[in-house]
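Structure, as structure tokens:
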Amino acid sequence: MRRIVEWFRRQREALRLAGTALREWRARQVLIAALAALAIALVMGLATVLIPNSFFTRDIPTLPWNYPVWILTSVLMGILIATYVAPPRAPAAEASGSVDASEARSARTGTAAGILAWFAVGCPVCNKIALLALGYSGALTWFAPAQPFLAALALVLSLYAVIWRLKGQVACPVPLWRAPQAPVAVR
């Protein structure tokens, strides 16, 4: 029981830190988040025919839950992308340019979430991977019922990646960079 209470305390603290990070965002980060979310929404919406278009077709009609998953995923991915943009007057990062493990993990988690969301909202028989692996009837029988679970997993992973990145902006900010000072001559 104590572990569960501790886990909830850590999650509450992570949400508090993520909220603090969002409140500290400047116009540049908000603009990047909005543009990235719009770009992802357009690409995903056009390719999965959630936005009707003449370039792609969809054999199975959309379901009501496809639209909220599509929009939420786009917004969360936009926020995630904006976490990689430094504020206008952010201190310069260390010269090594190395990516730490938590940054790589959140990037992989966000990428997996985007791919899962794409599969979740797409037409089950238009998905070439599902069609090749399962056939037409298999895609309808096995893949289509799994799509809501893929959508839920995609949203959970997206939210996890966003909270992880935002929390890190407050809990582990980039160290301040100071220009080297000239040595003081002593007489």
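Some points to look at:
- The gain in end-to-end length when the ALA39 to GLU24 segment is fully stretched comes to 3.0 nm, 0.36 nm per residue minus the alpha carbon separation.
- For the peptides 108-121, 52-65, 17-30, the ranking by mean Cβ contacts within 10 Å, running from highest to lowest, is 108-121, 17-30, 52-65.
- On full extension, the segment bounded by VAL156 and SER137 gains 3.9 nm, given 0.36 nm per residue less the C-alpha separation.
- Using the Cβ-Cβ distance between TRP7 and TRP65 with R0 set to 25 Å, the FRET efficiency works out to roughly 0.30.
- Here TRP7, TRP142 are placed in order of increasing Cβ neighbour count within 10 Å, fewest first, which gives TRP7, TRP142.
None of the figures in this text is laboratory data; all of them are computed from the coordinates on show. The model shown is predicted, which means the values in this text are computed figures rather than measured ones. So basically every Cβ, Gly included, is an ideal-geometry build from the backbone, and we count neighbours across all protein chains shown.
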